[in-house]
Amino acid sequence: MNTDIKSFPVPTLRRLPTYLRFLRKLAETDREFVSCTHIARDLRLDPTQVRKDLEITGITGRPRIGYSVPELVTAIESFLGWNNNRDAFLVGAGSLGAALIGYKAFREYGLHIVAAFDSDEAKIGRTIRDIEVLPSFKIPELAERMHIHIGIITAPAEAAQDITDLLVFGGIKAIWNFAPANIVVPEGVIVENVMLSSSLAVLTARLTEAQRVGK
């Protein structure tokens, strides 16, 4: 499919993994077909929104029958690129980095963290889940030699830009940034920022408001 994924709404892209998890569970029960209404009911979404979201994968449902569950799973995986194994470098071997390395579900999404890096000499040489932590200066050479296109930053904010520069210099084309910092990249490099503080702010603000209303 020669579809430019950037042309689709980000909320839709964020919902696709939810559909995929739901459909995989249905597939385990040997369910053959599913409708937008069924998906919407179980996930508490609007059926029209579900239909629009699924349309971007290029698949079409059958009247009165719905979608083939196996075909819909394949369509979403293909659209997201999760049916191909993608190797990645992780930079920042602290607590968060170690947790991501140990997150087995990444394999289901086609993501394979093949190497970890850090500039802290105390962390270099240690092993996390059979992955040795290497010095950061080796990133460009190894990324180019191993044809790595994805970089994951789990380092402190002050180190984020220097790490970004190393990744870009090595040919990295997509960066998943967990550092609480805005990074600057050349045109053509994709960045997805994961701001944990922003998500926490929404959670705690909503909790505070709920507690205030409940008094």
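Every residue, every condition in (1) out of contact with any strand residue (DSSP E or B) (no Cβ under 7 Å at 6 or more places or on another chain); (2) among the small types (Gly, Ala, Ser), yes or no:
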site	(1), (2)
Gly61	no, yes
Leu80	yes, no
Leu96	yes, no
Ala105	yes, yes
Asp120	yes, no
Ile124	no, no
Ile139	no, no
His147	yes, no
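Scanning the range 83-104 for residues that are part of a loop (DSSP other than H, G, I, E, B), at pLDDT 90 or above and over 18 Å from Ile139 (Cβ atoms) turns up Gly102, Tyr103.
State all residues of the range 61-81 that are free of Cβ contacts under 8 Å to residues at least 40 places away in the same chain, part of a helix (DSSP H, G or I) and open to solvent by less than 20 Å² (accessible area, probe 1.4 Å); if no residue qualifies, say none.
Taking the range 61-81 first, the residues free of Cβ contacts under 8 Å to residues at least 40 places away in the same chain are 61-68, 71, 74-75, 81.
In the following step, the residues that additionally are part of a helix (DSSP H, G or I) were identified as 71, 74-75.
Scanning the range 61-81 gives a single hit, Ala75.
Filtered by the rule that a residue be free of Cβ contacts under 8 Å to residues at least 12 places away in the same chain and open to solvent by less than 70 Å² (accessible area, probe 1.4 Å), the range 182-202 gives Ser198, Ala201. Residues that are under 20 Å from the mean Cα position of the chain (by Cα) and at pLDDT 95 or above number at least 2 in the following helices (runs of 4 or more DSSP H) confined to the range 112-215: 157-169. Among the candidates Asp42, Asp30, the residue that is at positive phi and out of contact with any Ser or Thr (no Cβ under 8 Å at 6 or more places or on another chain) is uniquely Asp30. Exactly one residue among Ala88, Ala93 is over 26 Å from Val10 (Cβ atoms), of a type outside the set (Val, Ile, Thr) and crowded, with 17+ Cβ neighbours inside 10 Å, and that residue is Ala93. The sole residue among Ala205, Ala210, Ala179, Ala157 that is of a type in the set (A, V, I, L, M), closer than 20 Å to Ala98 by Cβ and surrounded by fewer than 14 Cβ atoms within 10 Å (Cβ to Cβ) is Ala157. Name the residue that is most open to solvent (accessible area, probe 1.4 Å), counting only residues in the range 6-52 that are small (Gly, Ala, Ser) and part of a helix (DSSP H, G or I). Among those residues, the one meeting the criterion is Ser7. Taking first residues from the range 134-146 that are closer than 11 Å to Gly170 by Cα and partners that are β-branched (Val, Ile, Thr) and surrounded by 14 or more Cβ atoms within 10 Å (Cβ to Cβ), the Cβ contacts under 6 Å between residues at least 6 apart in sequence or on separate chains come to Ala143/Ile172.
Quick check: is even one residue across the range 2-19 more than 23 Å from Ile152 (Cα to Cα) and modelled with pLDDT of 95 or more? Yes, some residue in the range 2-19 is more than 23 Å from Ile152 (Cα to Cα) and modelled with pLDDT of 95 or more.
For the structure I just gave you, tell me whether Gly58 is more than 30 Å from Pro180 (Cβ to Cβ), modelled with pLDDT under 95 and open to solvent by 40 Å² or more (accessible area, probe 1.4 Å). Spell out how you get there, then give the answer.
Details: more than 30 Å from Pro180 (Cβ to Cβ): yes; modelled with pLDDT under 95: yes; open to solvent by 40 Å² or more (accessible area, probe 1.4 Å): yes.
Yes; evaluated as a whole, the condition is true for this residue.
The values are calculated or read from the model by the stated rules, or taken from the named source; none is laboratory data. Not measured: the values here are computed from a predicted model. Please note: Cβ atoms are built from the backbone with ideal geometry, for glycine as well, and neighbour counts cover all protein chains shown. Accessible surface is based on the protein model in full, side chains and every heavy atom, while ligands, DNA and RNA are left aside. Shrake-Rupley method; radii C 1.70, N 1.55, O 1.52, S 1.80 Å.
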